[in-house]
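Every number in this text was worked out from the coordinates using simple rules, so none of it is lab data. Quick caveat, the model's predicted, so the values are computed rather than measured. Cβ placement follows ideal geometry from the backbone for every residue including glycine, while neighbour counts extend to all protein chains displayed.
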Amino acid sequence: RGDGWHRLRQENFSQMDLDGSPELFALIKSMMRTDPARRVDVHGVCAHTVVSRACAAMERTYEEAKRDGTSMFAASPLAGVSNTFLEEILGRDYDDMDLSL
């Protein structure tokens, strides 16, 4: 376990670069709290706006697949996502950003 892992275990998130999504960064930080009393529970994760948007997008994909008679796998978290999925769940417009890795 390297230095980065140890920093995360001490709630030092300085190495994480999620400036483009403060909502997602806040969720990740709340999930990684070392004190269980301060850590978000599963209900809090599911209710989070980013997770809610992702679930809504998957539900729409599922309904479209059911309606069109195509594979339900498209609505699975294991399936590929559209080019706009990230901006949709983060509630952002990334037309001017380079999201390539």
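Against the chain, whose longest principal axis comes from its Cα atoms, helix 22-31 is set at around 60 degrees.
Roughly how tilted is helix 49-68, in degrees to the nearest 10 and between 0 and 90, from the longest Cα axis of the chain? Helix 49-68 and the main axis of the chain meet at about 20 degrees.
Here the range 2-21 and the range 44-67 have alpha carbon centers that stand 28 Å from each other. Report the local net charge at VAL40: Lys and Arg +1, Asp and Glu -1, summed over other residues whose C-beta lies under 11 Å from its C-beta. Value of the local net charge: +3. Computed over the chain, the range of Cα coordinates on each principal axis works out to 49, 34, 25 Å, biggest value leading.
So what's the net charge close to LYS66: Lys and Arg +1, Asp and Glu -1, counting the other residues with Cβ under 13 Å from its Cβ? Please report the intermediate quantities before stating the final value.
Numbers: positive: ARG60, ARG67; negative: GLU59, GLU63, GLU64, ASP68.
It works out to a net charge of -2.
Across the range 1-60, the fraction of Cα-Cα pairs farther apart than 20 Å, rounded to a whole number, is 36%.
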